[in-house]
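Report on one structure; see the data block that follows.
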Amino acid sequence: MWERLDMLSELANQADAPSLLSVARSELPRLTDGWRALLAAHEPDERGNCPECSTRWRQQKSPCSVWRAAYEHLVAGGLAARPARHMLSHQEQPAPVQRGAHRTALAAH
Ligand SMILES: [Zn+2]
């Protein structure tokens, strides 16, 4: 699981635009689905407790720590624009592959 997240962070920093776009298209819905499932499980019940974090002996008042962490991350700052440090290191980016364009140009000669 951690490796997968690391891989996505690395892609966000290093992938060229076309592959980043395709990764975003396939991975973002999975991430948002994951958040939704997590938050749905920790949504307060009719008594204002978190059903997931409560036990039979001890009720956990909502918002529980999971919900608060999610809120902090998604709303309070996580999605706000941060300085994009990776933009400064252009030399690390792989050259974009333009196979189709080159082939056609050569074939014309
Ligand atoms: Zn909870």
Check: When region 16-41 is examined, which residues are found to be free of Cβ contacts under 8 Å to residues at least 24 places away in the same chain and more than 20 Å from residue 66 (Cβ to Cβ)?
Finding: 19, 20, 21, 22, 23, 24, 25, 26, 27, 28, 29
Next item on the list: Looking only at region 68-81, decide whether some residue is surrounded by 10 or more Cβ atoms within 10 Å (Cβ to Cβ), in a helix (DSSP H, G or I) and in contact (Cβ under 8 Å) with a residue 12 or more places away in the chain.
Entry: yes
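Kindly indicate whether any position in region 39-51 is more than 10 Å from the ligand (Cβ to nearest atom) and in a helix (DSSP H, G or I).
Pass one, region 39-51, residues more than 10 Å from the ligand (Cβ to nearest atom): 40, 45-48.
Within this subset, residues satisfying the condition of being in a helix (DSSP H, G or I) are 40.
Looking for residues that are more than 10 Å from the ligand (Cβ to nearest atom) and in a helix (DSSP H, G or I), one finds at least one in region 39-51, hence yes.
Do we have any residue at all in region 18-29 that's over 14 Å from the mean Cα position of the chain (by Cα), within 25 Å of residue 4 (Cβ to Cβ) and more than 16 Å from the ligand (Cβ to nearest atom)?
Of the residues in region 18-29, the ones over 14 Å from the mean Cα position of the chain (by Cα) are 18-19.
Pick out the ones that are also within 25 Å of residue 4 (Cβ to Cβ) and you get 18-19.
This time we only want the ones that are more than 16 Å from the ligand (Cβ to nearest atom), so: 18-19.
Within region 18-29, one or more residues are over 14 Å from the mean Cα position of the chain (by Cα), within 25 Å of residue 4 (Cβ to Cβ) and more than 16 Å from the ligand (Cβ to nearest atom).
Every number here is computed from the coordinates shown, using simple stated rules; none is lab data. Worth saying up front: this structure is predicted, and the values here are computed from it rather than measured. So basically every Cβ, Gly included, is an ideal-geometry build from the backbone, and we count neighbours across all protein chains shown.
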